[in-house]
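The values are calculated or read from the model by the stated rules, or taken from the named source; none is laboratory data. None of these values were measured; they are calculated from a predicted model. Virtual Cβ from ideal backbone geometry, glycine too; neighbours counted across all protein chains shown.
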């Protein structure tokens, strides 16, 4: 086992700054990578797309990094419409890799600090999987900054997610070091998640229009999470991805982009009606 997993030490699920900049510049859009010092955390942030577009801030799940959003920020339609900002959550990508932050509240504070530094307002905040509760926490604490909250396959209901048996080994003393760091970090988050999610209580503070997007065949983050959100957030709309599971950014990005456009367009339509 040690030989097998030692060969995976380079597995970090991330792309370099140079890769992202060169790839996105080829599409004809300005692209930059910034690093923010937030307390003891050094946070990587990618900014790309239309500088005059609507702000779209992306918060990834676990295990992952901002590189997981490439299907969106390599798509010309998204690039033309949005100024996209993606962050590496603490411990992932190039944000202090290997030093995970399990506190949802502290992760939200880091995202808020990035938003402050970039002077973001009227932002569409999109959080997926373990990034979902972080996005929700930001919307609770900074409602004036969030114009639209999108929770994609978000893990927000305590214990309503699958835990694999091997995950226990990934947090066990000594044995855990046989596994790649990114999976150890993901497991650390998993075993603290129920406790952290129980601290998310100010759902009434979310006043932004909220779109809940979830696959009805999600076997990792159960569909009951979407039902939980629909009950907790009054100004919300549920989009059911029929016969779809988890992590569609990897398994079916074209379908996911299609439903996200449906979400964006419906949000704009409702906003026009209200105005």
> Going through segment 204-222 one residue at a time, which ones are over 24 Å from residue 171 (Cα atoms) and either surrounded by 18 or more Cβ atoms within 10 Å (Cβ to Cβ) or modelled with pLDDT under 95 (or both)?
Replying inline: 206, 208, 209, 210, 211, 212, 213, 214, 215, 218
> If you scan segment 57-68, which residues turn out to be closer than 16 Å to residue 32 by Cβ and crowded, with 24+ Cβ neighbours inside 10 Å?
Replying inline: 57, 58, 66
> Any idea how many residues of segment 208-218 are in a loop (DSSP other than H, G, I, E, B) and in contact (Cβ under 8 Å) with a residue 60 or more places away in the chain?
Replying inline: 3
>> Looking at segment 60-84 only, could you name the residues that are outside any helix (DSSP H, G or I) and more than 15 Å from residue 186 (Cβ to Cβ)?
In response: 74, 75, 82, 83, 84
>> Being crowded, with 24+ Cβ neighbours inside 10 Å and touching a residue at least 24 places away in the same chain (Cβ under 8 Å) is the requirement here; does residue 128 meet it?
In response: yes
>> The conditions are (1) loosely packed, with under 13 Cβ neighbours inside 10 Å; (2) without any contact (Cβ under 8 Å) to a residue 24 or more places away in the chain; (3) over 30 Å from residue 144 (Cβ atoms), and residue 250 fails exactly one of them. Which is it?
In response: (2)
> Can you tell which of 205, 187 is out of contact with any strand residue (DSSP E or B) (no Cβ under 9 Å at 6 or more places or on another chain), in contact (Cβ under 8 Å) with a residue 12 or more places away in the chain and under 24 Å from residue 93 (Cβ atoms)?
Replying inline: 187
>> Every residue in segment 58-76 that is over 16 Å from the mean Cα position of the chain (by Cα) and without any contact (Cβ under 8 Å) to a residue 60 or more places away in the chain, please.
In response: 74, 76
> In segment 139-156, how many residues are touching a strand residue (DSSP E or B) at 6+ places or on another chain (Cβ under 7 Å), under 15 Å from residue 110 (Cα atoms) and touching a residue at least 60 places away in the same chain (Cβ under 8 Å)?
Replying inline: 1
